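What follows is a single structure, written as structure tokens, with notes after it.
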Amino acid sequence: MAPCARSLRSLRRKPGRKPGRALILIIGEGDTERAYFRALCANLRLPNIEVQFSCRQGSAPINIVDCAVQKAKEPGGYESIWCVFDRDEHESFARARAKLQQHARRMPLHEALSIPCFELWLLLHFEFTDALFPNCNALIQRLRQHLPQYIK
């Protein structure tokens, strides 16, 4: 029996079927947030998420939004850009939210707010709470029940 003759077309490599990864950027303000998101991405094996902190302009909420707007304008950009910032005592909090919402109409910008501060995210890993913390210090006291050595 003679071997089958194959056409050149049938021997060509087929195009890939996997869709490309969506690249997501997280921009935040502090060391705690950076460590949290990097560990979360590593633990969940999320290679398409880039975590960037400490924009050159500073870590105030308005600076984070300005950095996100710049990144959104870059060619070959991100599918979505998340601005992570605390309410804390930032003077630019309301201004930053307004600016982000204005730009979000035409750019892939999103906000992830921590009220009163980012430590709430950490606390929620240990307990469910819908308590209203008056300030970050009160929240950190509660977090220290689970992480006694925690320092902001």
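Each value in this text was obtained by applying a stated rule to the coordinates, not by laboratory testing. Here the structure is a predicted model, which is why all the values come from computation and not from measurement. Cβ: placed from backbone, ideal geometry, glycine included. Neighbour counts: every protein chain shown.
Laid out as a table, the results:
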read-out: Options SER80, SER114: the member that is surrounded by fewer than 18 Cβ atoms within 10 Å (Cβ to Cβ) and among the hydroxyl-bearing types (Ser, Thr, Tyr); value: SER80
read-out: Flag for GLU79 being touching a strand residue (DSSP E or B) at 6+ places or on another chain (Cβ under 7 Å) and either closer than 21 Å to LEU120 by Cα or of a type in the set (D, E, K, R) (or both); value: yes
